[in-house]
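Before I ask anything, let me first share the structure, which is written out below as structure tokens.
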Amino acid sequence: LPPASLPRLIGKNGSNINNLRTTTGARISVEDNSTGRVTINGPAEAVIKAKEALATFSREWSAEKDSAEVAVPDRLMRVIIGKGGAGVRAIQEQCMGVRIDCDRTAGVVRIR
């Protein structure tokens, strides 16, 4: 895993990694913070679940790093969102793999 992602993987007081251990049934340990080396042990099914969960975590973490925030006035936010979210859905369909989150309170659109 990317070394910079390890604090998020571990979580506050180990909450995230402990949750991952519980849900997968695998023993997961961070071997080396500088390289991001993670070791998974346990029954084959648990190891497979943990590998899949860590791969998903890594993809999501990387996607968050490849994001942008754009300040948008409230009157334009309505246009972007569209009726029932139709505007956001249309943009996401046209730009495959892009996720758009609109935060009306903050006046920000996040693009990932």
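Would you mind calculating the gained length between C95 and E52 on full extension (0.36 nm times residue separation, minus the Cα-Cα distance), in nm to one decimal?
That works out to 12.9 nm of additional length.
Here is a follow-up. Add -39500 (n - 2.57) for each DSSP H run of 4 or more in the chain, then divide by its residues: what number comes out at 222 nm, to the nearest 500 deg cm²/dmol? Working shown, then result.
Working: 5 runs with 54 residues, N = 112.
Result for the chain: -14500 deg cm²/dmol, rounded to the nearest 500.
Here is a further query. Provide V38, V70 ordered by accessible surface of protein heavy atoms (probe 1.4 Å), highest first.
Values: V38 35, V70 65 Å².
If we order V38, V70 from most to least accessible, we get V70, V38.
Express the accessible area of the chain per residue in Å², computed with a 1.4 Å probe while the remaining protein chains stay in the model. Could the numbers behind the result be given before it?
Working: 7490 Å² over 112 residues.
That works out to 67 Å² per residue.
Using 1/(1 + (r/R0)^6) with R0 = 35 angstrom and r between the beta carbons of E45 and D103, what's the FRET efficiency to the nearest 0.05? The partial results should precede the final answer.
Details: r = 39 Å, r/R0 = 1.12.
Calculated transfer efficiency: 0.35.
Let me ask something else about it. What area, in nm² and to one decimal, does the C-alpha convex hull of the chain cast on average over all directions? Present the calculation step by step, with values, prior to reporting the outcome.
Details: hull surface 36.0 nm².
Computing the convex hull of the Cα atoms and averaging its projections yields 9.0 nm².
Here's another thing I want to ask about it. Could you go through the range 96-108 in sequence order and give the Karplus-derived ³J(HN,Hα) for each residue, using 6.51 cos²θ - 1.76 cosθ + 1.60 with θ = phi - 60°, rounded to whole Hz, and x for Gly and Pro?
Here the 3J(HN,Hα) series is 3, x, 8, 10, 10, 10, 9, 10, 5, 4, 8, x, 10 Hz.
Label 7 Å along Cα→Cβ of E60; the range 17-38 residues with amide nitrogen under 14 Å?
Hits in the range 17-38 for E60 at 14 Å: 17-21, 23-24.
Probe radius 1.4 Å, ligands and nucleic acids ignored: give me the carbon and sulfur share of the accessible area of the range 3-65 as a rounded percent.
The C+S portion of the solvent-accessible surface of the range 3-65 is 50 percent.
The values are calculated or read from the model by the stated rules, or taken from the named source; none is laboratory data. Owing to the predicted nature of the structure, the values given are computational and were not obtained by experimental measurement. Note that each Cβ is placed from the backbone with ideal geometry, even for glycine, and that neighbours are counted across all protein chains shown. Calculation scope for accessible area: heavy atoms of the full protein, side chains included, ligands and nucleic acids excluded. Shrake-Rupley method; radii C 1.70, N 1.55, O 1.52, S 1.80 Å.
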